[in-house]
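Nothing in this text is a laboratory measurement; each read-out follows from the coordinates by a stated rule. Just so it is clear, the structure is predicted and the values come from calculations on it, not from any experiment. Please note: Cβ atoms are built from the backbone with ideal geometry, for glycine as well, and neighbour counts cover all protein chains shown.
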2 protein chains.
Amino acid sequence: MEKLLKDVLERVTPSKEEIDALNKFTKSVLRTANDVGIEATVQGSIAKGTWVSGTHDVDVFISFKEDVSRSKLEKDGISFGKKIIKKLGGKPELVYAEHPYIRSTIKEFTLDIVPCYKMKSASKIKSAVDRTPFHTEYILKNFSGTQANEVRLLKRFMQGIGVYGAKEKVRGFSGYLCELLILEYGTFLNLLSSSSKWKLGQSIDNEDFGTARNFDDSLIVIDPTDKNRNVAAALDKDKYEIFINACRDFRKKHRIEFFFPNEVESLSKDRLKKDLSKRGHLVIMEFKPPKVVEDILYSQLRKSAHTIVSSMKRAHFPVLGYSYASGELSHILIDLETEFLPKKQKVDGPPTDVDQKFQDEFAKKHKKRKTWISGGRWHVEIDRIHISPESLLNEIIKSPIDYGIGKYVAESLSKECKILASAEILDSDSEELGKFITSYLSKKKPWEW
Amino acid sequence: MEKLLKDVLERVTPSKEEIDALNKFTKSVLRTANDVGIEATVQGSIAKGTWVSGTHDVDVFISFKEDVSRSKLEKDGISFGKKIIKKLGGKPELVYAEHPYIRSTIKEFTLDIVPCYKMKSASKIKSAVDRTPFHTEYILKNFSGTQANEVRLLKRFMQGIGVYGAKEKVRGFSGYLCELLILEYGTFLNLLSSSSKWKLGQSIDNEDFGTARNFDDSLIVIDPTDKNRNVAAALDKDKYEIFINACRDFRKKHRIEFFFPNEVESLSKDRLKKDLSKRGHLVIMEFKPPKVVEDILYSQLRKSAHTIVSSMKRAHFPVLGYSYASGELSHILIDLETEFLPKKQKVDGPPTDVDQKFQDEFAKKHKKRKTWISGGRWHVEIDRIHISPESLLNEIIKSPIDYGIGKYVAESLSKECKILASAEILDSDSEELGKFITSYLSKKKPWEW
C-alpha cells in the first residue's frame with residue numbers, strides 16, 4: 001500500500017519545473033492586472049497549493065467593491081479581462097456563467113479572469129464566485145505540512161473512480177470538498193477507512209457550527225466560511241455511493257487502477273451482436289452537440305434523458321436503464337425490455353370508489369368504447385399511439401420543446417438526429433459510440449478495466 | 001317501465017301448476033321425514049315464498065338437539081338423509097360442505113337434506129346452516145303483501161347482470177341479501193334508485209343494531225338475526241360495483257336484457273384472428289375439471305388463476321388481465337402485453353442506504369456478475385429463467401402444489417393440461433372456448449349482447 005501511494009504521489013505532485021512555469025505565468029497575469037489598474041488574486045487549487053500535476057487551469061479573480069452595481073461589475077469584468085488577456089498576447093473568449101467572464105488559452109494554460117465582489121464575510125456574498133477567496137483563505141490558514149499531498153491523492157482517486165469534480169458532467173466532489181475532507185480526517189487513508197462506513201446523510205462540520213441538521217443531502221459538509229451552506233449539496237447520490245463502495249473495494253484490493261484506470265476496451269462486433277441478442281431493445285439518439293459550455297450541455301443532456309425516459313414510461317415502454325455522453329457527437333441511450341407493444345392498450349380509469357362525477361367523465365370520454373370494472377377500478381381498451389419506442393422518439397424529435405427537452409439540445413435535435421437500433425449500432429464504426437455502449441453494457445467500474 | 005316490469009314478473013312468478021307440484025313434493029318429503037322419525041322443515045326461498053319460477057332446488061333441514069355431538073349430527077344427518085331419499089325413490093348422493101349432507105334428484109327437483117342444530121338464538125349457532133331457520137322465520141314475519149314479487153324482480157335482475165348468488169362461481173348477492181334489501185327499500189325500483197348512489201362501505205341495518213361500523217366490507221347489511229354478522233361479507237367488490245353501475249345504466253335504458261340477457265355470440269374466426277393480432281399474447285390453460293362440487297371447483301380455479309398471475313408478475317411478464325371458467329373443460333386465461341422477455345434480466349438489489357450487511361450479501365450472492373449502483377439502488381443482470389409465459393406455465397404444471405395451486409386443480413393439471421396460444425385458439429372448434437374468449441375480449445356487459 002505504501003509503495004502504491006508513493007507511486008501515485010510521484011505522478012500527481014507537480015515537478016519543480018512545472019511549479020516554476022506556473023508561478024512565472026501567474027506572476028505575469030497579476031502584474032498585468034496591476035498594470036491595467038485592477039486588483040487581482042490567484043484562486044482555486046493553484047492558490048491553495050493542492051493542484052494535481054498536469055493541471056493547466058488558472059483562475060484569476062479580479063475584485064470590485066461591494067457598492068459597484070451588478071451590471072457595472074459584469075461590464076467592467078469583461079473589459080478588464082479582455083485588456084489583461086490582450087496584454088498577455090492571448091485571444092479573449094466570453095464564457096457564460098452566473099456572471100459572464102473572459103477565458104483564454106495562453107501557452108499551456110487555460111486562464112479564466114473572473115470578476116467578483118470583495119466581501120467582508122462569506123455569508124453575505126452577492127454571487128457564488130464571491131465565496132472562492134474565503135475558501136482559499138480558509139484552506140491556506142488551516143492546512144498543515146503534507147496535507148496538500150493527501151488532497152492530491154484523494155483528487156486522483158476520485159478522478160480515477162469517476163466522482164471528481166462539481167461540474168455537471170460528473171456532479172461529484174469539488175476540489176474544495178476534497179480539501180475539507182482531508183482537513184477533517186487528516187490523511188487520505190484515514191478518510192478511506194472512515195468513508196467506507198459512511199451512510200446516507202453523513203455529516204461533517206469542521207467548525208462545529210451545529211447546522212448540519214438543517215440539510216437533507218446525501219453528504220453534508222458544512223462550509224467553514226458559511227454555516228448555512230452545504231459544500232456537498234450538489235453531489236449526486238449515486239456518485240456518493242460509488243465513492244463509498246470504491247473506498248471499501250480499494251481497501252481490499254490495493255490497485256493502481258483506482259487512481260489511473262485503464263481505457264475502456266470496446267466490445268468486438270461479434271460480442272456486441274451476441275450481447276444485444278440477449279437483450280430486449282437498445283435505442284440510441286445520435287446528434288451534434290449544441291455549441292454551449294460543457295456544464296450547460298451536460299445539464300441539458302441529463303434533463304433530456306430524464307424527460308425522454310419519463311415519456312417512454314408514460315407510453316408504457318418498459319425502460320430498464322439509460323445513459324448519455326457527449327464527445328464528437330452526443331448520444332442518449334435508452335435500454336428497453338421489449339421493442340414492440342401491441343396495438344391495443346389497456347388504460348386504467350378511476351377507482352370505483354371515487355366521486356361518481358369522475359366515473360361519469362371517464363364513461364363519457366370513452367362512450368364509444370367498452371369500459372369495464374376489475375380490481376376496484378374502471379378500465380378501457382384504446383388504440384395505442386406509439387407501438388414502438390422509435391415512433392415516440394420521432395415525435396419527440398419533431399417537437400422537443402413540448403416534451404420538456406432543453407432549448408439547446410432541442411435545437412440540435414431539430415437540425416438532425418439519427419435513431420440507432422441494433423442494426424445501426426452494429427453497422428457503426430465509431431470508436432466513441434463503441435466505448436459508450438460498452439461502458440453501458442459491461443457495467444464494469446472504471447477500476448475494473 | 002311498468003310494462004317491462006310486468007313482463008318480467010310474469011316470467012318469474014311461479015304458475016299455479018308449478019306451485020302445486022312443488023307443494024305436493026315438499027309435503028311428501030316432510031311426511032317421509034316424519035315417518036323415519038326426524039323433525040324436518042323446508043328452508044330457503046321456497047319456504048319464504050320468494051322463489052323464482054323455474055327453481056327446482058328444494059332445501060329441507062333436519063334438526064338435531066343442541067347437545068348432540070358434531071360427529072353424531074354428521075353421521076345421523078347422512079343416515080336420515082339416505083333413508084328419506086330412498087323412501088322417496090331417489091338415489092342418495094353425498095355432498096361435502098361444512099357438514100356433509102345428502103342430495104338427490106327426484107322428478108324435476110334437486111332435493112338437499114341438510115342436518116342442522118335447532119338453536120334458540122342465531123348468534124349462538126354451531127355451524128353456518130344453523131342460521132337458515134332464523135332467516136326464514138325473520139323474512140316470513142316481516143314481509144308484507146307483494147314484497148315477494150319485488151324480491152323476484154331483484155333476483156332476476158341480479159341474475160341477468162351476473163351478480164346473483166353467494167356461490168363461489170359468482171360471489172354475488174345471496175337470496176337472503178336480496179330479501180333484506182327489499183325489506184329496507186320496499187320495492188325493486190326504490191332499491192334501484194337508492195343503490196345507483198351507493199358508495200363503497202354502504203351500510204344497511206334493518207334492526208338498528210348500530211354495529212355496521214365494525215365492518216370494513218364493500219357493502220354492509222347487518223343480519224337482523226345476528227347483529228355481529230354482515231350478510232354481504234362474501235360479496236365480491238367488483239360484483240358490488242357492477243350492480244351499482246347496472247342500476248344506473250338500467251335507469252337510463254329500460255331494457256329486458258338486464259333481466260334476460262342474450263346469449264354471448266362467439267366472435268368469428270376472422271374477427272378473432274384480427275383481434276388477437278392487435279394484442280400482445282393470450283395464453284389459455286385447458287384441462288378437465290376435477291370432480292368436486294362447484295363451490296370448491298370455482299374457489300380453486302379462482303385461487304389458481306391468482307397464484308398463476310402472481311407467478312407471472314414475479315417473473316416480470318406484463319399481465320393485463322385474466323379470466324377463468326369451467327364447463328365441459330376448465331379454462332384459465334392469461335392476457336399479457338408481450339410474449340417474450342429478453343434472455344438477460346435486470347434485478348433490483350438492496351437500496352444503498354440499508355445496512356451494509358445486506359449490501360454485502362447481495363454482492364456475495366452475485367460475486368461472479370457485475371453489480372452496479374443507479375438511482376440509489378444496487379442492480380445486477382442475470383440470465384432469465386423463463387423467457388416465455390409458456391415456459392413458466394409448463395413449470396407450474398409440473399409442480400402445481402409448489403406454486404400454490406389448490407389440491408384438486410393440481411391433480412387435474414398433473415393428469416393433462418394443454419396450453420393454448422393464438423394458433424391453437426384459432427384452431428379450436430370448441431363453442432365453449434369461443435364464448436369464453438369472446439366474453440373476455442369483448443368486455444361487453446351481459447345486458448349488452
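Annotation for residue B:383, label-to-label distances across the other copies: 4.4 nm (shortest first, one decimal, point 7 Å from Cα along Cα→Cβ). Temperature 37 °C, viscosity 0.692 mPa s: under these conditions the Stokes-Einstein estimate for the protein assembly as shown, based on its Kirkwood radius over C-alpha pairs, is 95 µm² per second.
Just counting partner chain Cβ atoms within 10 Å, what average do the residues of peptide A:197-205 show around their Cβ? Intermediate values should be presented prior to the final figure.
Values: counts 1, 0, 5, 5, 1, 0, 0, 0, 0.
Counting Cβ atoms of other protein chains within 10 Å of each residue's Cβ and averaging gives 1.
Going by neighbour counts of Cβ atoms within 10 Å, the residues B:78, B:62 line up, fewest first, as B:78, B:62.
Looking at chain A, what % of its DSSP beta bridges pair antiparallel, to the nearest 5? If we restrict to bridges inside chain A, about 75 percent are antiparallel.
What FRET efficiency comes out for residue B:427 versus residue B:67 if R0 is 60 angstrom and r is the Cβ-Cβ distance? Round to the nearest 0.05. If you can, show how the numbers build up before the last one.
Working: r = 62 Å, r/R0 = 1.04.
Using R0 = 60 Å, I get an efficiency of 0.45.
Please arrange B:293, A:409 by how many other C-beta atoms lie within 10 Å of their C-beta, fewest to most. Could you put the intermediate results ahead of the total?
Working: B:293 14, A:409 29.
Ranking B:293, A:409 by Cβ neighbours within 10 Å, fewest first, gives B:293, A:409.
FRET efficiency for the pair residue B:35 and residue B:383, taken as 1/(1 + (r/R0)^6) with r the Cβ-Cβ distance and R0 = 56 Å, rounds to 0.15. Measuring between their Cα centroids, the stretch A:113-131 and the stretch B:412-437 lie 77 Å from each other. Expressed as a fraction of 2.2 N^0.38 Å, the C-alpha radius of gyration for the stretch B:359-445 is 1.69. Beta bridges assigned by DSSP with both partners in the protein assembly as shown are antiparallel in approximately 75 percent of cases. Report, in whole Å, the centroid distance computed from the Cα atoms of the stretch A:343-398 and the stretch A:154-170. Value for the Cα centre distance between the two parts: 45 Å.
For the rotation that carries chain A onto chain B, the axis lies closest to a Cβ at A:338, 2, where the number is the distance in whole Å.
Taking one equal scatterer on every alpha-carbon of the stretch B:1-58, how large is log10 of I(q)/I(0) by Debye at q = 0.13, 0.19, 0.20, 0.25 1/Å? Computed log10 I(q)/I(0) values: -0.42, -0.73, -0.78, -1.02.
Can you tell me the length gained on complete extension of the stretch residue B:313 to residue B:357, counting 0.36 nm per residue apart and subtracting the Cα distance? Let's see the in-between values first.
On the way: separation 44, 0.36 × 44 = 15.84 nm, distance 2.83 nm.
Contour length minus the Cα-Cα distance gives 13.0 nm.
Computed over the alpha-carbon pairs of the stretch A:143-258, the distance histogram in 5 Å steps reads 2, 13, 23, 27, 21, 11, 3, 1 percent, short to long. Placing a pseudo-label 7 Å from each Cα along the Cα-to-Cβ vector at residue B:233 and residue A:370 gives an inter-label distance of 3.6 nm. Inter-copy label distances for residue B:199: 4.2 nm (label point placed 7 Å from Cα along Cα→Cβ; shortest first).
List the relative contact order of chain A as a percent without decimals, with contacts defined as Cα pairs under 8 Å and 6+ residues apart.
Numbers: 687 pairs, mean separation 56.0, N = 449.
Once normalised by length, the contact order is 12 percent.
Per the Cα gyration tensor, the stretch B:1-146 maps to an equivalent ellipsoid with semi-axes of 29, 19, 12 Å, ordered largest to smallest.
I need the calculated FRET efficiency for the pair residue A:17 and residue A:214, taking r as the beta carbon distance and R₀ as 60 Å, to the nearest 0.05. Before the final figure, lay out each step's value.
Working: r = 47 Å, r/R0 = 0.78.
The value I calculate is 0.80.
The Stokes-Einstein estimate for chain B, based on a Kirkwood radius over Cα pairs and taken at 37 °C with 0.692 mPa s viscosity, is a diffusion coefficient of 129 µm²/s. Annotation for residue B:398, label-to-label distances across the other copies: 4.8 nm (shortest first, one decimal, point 7 Å from Cα along Cα→Cβ). When you filter the GluC sites (Glu not before Pro) in the stretch B:394-449 for DSSP loop state and at most 11 other Cβ atoms inside 10 Å of their Cβ, you are left with B:416. Full extension of the chain between residue A:94 and residue A:76 yields a length gain of 5.2 nm, computed as 0.36 nm times the residue separation minus the alpha carbon distance. Placing +1 on each Lys and Arg Cβ and -1 on each Asp and Glu Cβ, with no other charges, gives chain B a dipole about its Cα centre of roughly 620 debye. As a proxy for reagent exposure, A:112, A:249 were ordered by neighbouring Cβ count within 10 angstrom, fewest first; the result is A:249, A:112. Between residue A:265 and residue A:444, the distance separating the two model label sites (each 7 Å from Cα on the Cα→Cβ line) works out to 0.6 nm.
Report the residues of the stretch A:141-157 in range of a label on residue A:207: point 7 Å along Cα→C-beta, backbone N strictly under 14 Å from it. Inside the label zone: A:141-142. Express in whole angstrom the spacing between the alpha-carbon centres of the stretch B:188-267 and the stretch B:1-63. Comparing the Cα centres of the stretch B:188-267 and the stretch B:1-63, I get a distance of 25 Å.
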